[in-house]
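Novice: Before I ask anything, here is the structure I am working with.
The values are calculated or read from the model by the stated rules, or taken from the named source; none is laboratory data. Keep in mind that what you see is a predicted model, and the values were worked out from it rather than measured. All Cβ positions, even for glycine, are placed from backbone atoms using ideal geometry, and neighbour counts span all protein chains on display. The area values use the complete protein model at the heavy-atom level, side chains included, leaving out ligands, DNA and RNA. Shrake-Rupley method; radii C 1.70, N 1.55, O 1.52, S 1.80 Å.
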Amino acid sequence: SRAEALSKVESSSYDLIITDLKLPDGNGMHVLERAKSRDEFTEGIVITGYASLKSATAAINLGISSYLTKPISLKNFKSQVDRALATRDFHLRSKQLLQHSGGLDSATKKHIWNMNVFYNLSRRLMHSIDVEQIMQTVLAELNCILGATFCSVGVSLFEENEVFAMPARGKWDADRMMHLLERHWEPLYGLLESHEFRPNNVSLTSWAGLEGGVSSDAHCSPIVAPMIALGKTIGSIAVFQSDDTQRDNDTERFLHVFSSLISPMIENAYIHKRTKSLAGTDPLTGVSNHRSFQEMLAKEIARAKRQQADFCLLMLDLDDFKSINDTYGHLTGDAVLKDMVDKVNDEIRVGDFFARYGGEEFMVLLPHTGIDGAVALAERIRKHIASIPYETYGKHISYTVSIGLSLFSGNMPREKVRLIQDVDDALYMSKTEGKNRVTVR
């Protein structure tokens, strides 16, 4: 049982824990979480009969050795156990070697220490596919290992331009971080091929450093190493040290080796992030898809109930779309859909959620919005679309949209299916009463 396992974990150390995901009185992941809170290098194997992407991701982020689905081959299970125990033995031997390295010369001792740093870091990073979690780990390690004042990682990959930063101690505001980075922008990011990697065109994510004072950014300069994956520079790592710090070639070499270790892991995390994003995106228009809309609507309903707040839902449908396809062809029809999406995006606010519901039907979710604000926005969208034809090869294709609108009140909640039906009914009324209009239900 979960309770018995937790009791054993609290009283003893274990090299390997094997648990079913579902225990009679709880979740086996809780046992592993507790064991790893006591010793992060305890190996873990999870067995489950109902694997899901969510549970697999949680297991990977926790740092388990294997995630096995039933039925299990005994031969495969034994090999997984052997691998986990071998990894654990390697960790314990490395730790023991460090503890008994007093008689070795300083260069050998430092090399063994570096190898142990790389091994421990790779173990932690390999068990995560979350970009921010990886970056936070990398920055904290660099600040600690190299006695830095401040560290940053810049990435330009898959049209994302991002900087992640952390001072060694205390909390810095974003302006202070960007001011320091801008002073050294060319040596930090000059190798990146992206023309978009400029101070005013990157997002900055930062974390506070260790407690106990605040690091000073006065009189410090960076050591920089590029991050290279598959022969392409995807970013760079910068370690800012005080100008009074005695620097040697070993620090720069360490940073280059460190960079070569983490670069493919960072690339893999971005690949996972992009794949996850594409799975929730409509491939034609680039807005969120039906599944993402259903998930977001469920969250917004739960939030509105909890906070007794209001939000509005719009449903848009392109009028006489079949006629456009029949007259101009499906390629032009697709182009008109994308043109409509661009016009809607021009009008909605940051924080509004826009999704393709199906065919030529789209949804716009308006958080924290009352009926008057929603009607005003819907009218702006309708007028914008109706007033500007789509132009292609000298042709001007005029088109309109019909819109249905409904308010969800946290004080008088209704089921998600009922809300969608109400907004669909409102759209139907717009259609039947002449199109190119907004109807509230």
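Novice: Taking a probe of 1.4 Å, how large is the accessible area per residue of segment 269-421, in Å²?
Specialist: Per-residue value: 50 Å².
Novice: Then there's this: Calculate what fraction, in whole %, of the accessible area of segment 333-441 sits on carbon and sulfur atoms when a 1.4 Å probe is rolled over the protein chains.
Specialist: So the carbon and sulfur contribution to the accessible surface is 50 percent.
Novice: So, in nm, how far is label SER122 from label LEU230 when the simple model puts each one 7 Å beyond its Cα toward the Cβ?
Specialist: 2.1
Novice: Which lysines, if any, have their Cα less than 16 Å from the Cα of LYS95, not counting same-chain residues under 8 positions apart?
Specialist: By straight Cα distance, LYS95 reaches LYS109, LYS110.
Novice: LYS435 to THR69: FRET efficiency via 1/(1 + (r/R0)^6), r the Cβ-Cβ distance, R0 35 Å, to the nearest 0.05?
Specialist: 0.10
Novice: Spin-label point model (7 Å from Cα, Cβ direction): what's the TYR14 to GLU159 distance in nm?
Specialist: The modelled label-to-label distance comes out at 4.6 nm.
Novice: Quick one: length gained pulling ILE397 to SER260 fully straight, 0.36 nm per residue minus the C-alpha distance?
Specialist: Here the segment from ILE397 to SER260 would lengthen by 44.0 nm.
Novice: Give the residue from PRO199, SER402, PRO24 lying farthest towards the positive end of the charge dipole for the chain; charges sit on Cβ (+1 for Lys and Arg, -1 for Asp and Glu) and the dipole is referred to the Cα centre.
Specialist: The Cα lying farthest towards the positive end belongs to PRO24.
Novice: Something else now. With r defined as the distance between the Cβ atoms of THR205 and THR327 and R0 fixed at 51 Å, what FRET efficiency is calculated, to the nearest 0.05?
Specialist: Between THR205 and THR327 the formula returns 0.60.
Novice: Given labels modelled 7 Å from the Cα in the Cβ direction, how far is it in nm from ASN114 to GLU193?
Specialist: Going from the ASN114 label point to the GLU193 one covers 3.0 nm.
Novice: Hey, got a sec? Which GluC sites (Glu not before Pro) in segment 342-441 land in a DSSP loop and have at most 12 other Cβ atoms within 10 Å?
Specialist: Answer in residue order: GLU415, GLU433.
Novice: For segment 147-235, with all protein chains present and a 1.4 Å probe, just round the carbon and sulfur fraction of the accessible area to a whole percent.
Specialist: 50
Novice: Select from GLN294, PHE77, ASN249 the residue farthest towards the positive end of the dipole of the chain; place +1 on Cβ of Lys and Arg, -1 on Cβ of Asp and Glu, and compute about the Cα centre.
Specialist: PHE77
Novice: Using the Cα gyration tensor of segment 197-263, with a ≥ b ≥ c the square roots of its eigenvalues, what is the shape: rounded (a/c below 1.5), prolate (a/b larger than b/c) or oblate (neither)?
Specialist: Oblate is the answer for segment 197-263, as a/c is 1.5 or above yet b/c matches or exceeds a/b.
Novice: Mind checking the alpha-carbon convex hull of segment 365-407 and giving the volume per residue in Å³?
Specialist: 68
Novice: Next question, about the same structure. Evaluate the charge dipole of the chain about its Cα centre and quote only its size in Debye, nearest 20, assuming +1 on the Cβ of each Lys and Arg and -1 on the Cβ of each Asp and Glu.
Specialist: I would put it at about 1280 debye.
Novice: If you don't mind, another one. Between segment 381-441 and segment 163-219, how many Å separate their Cα centres?
Specialist: That distance is 45 Å.
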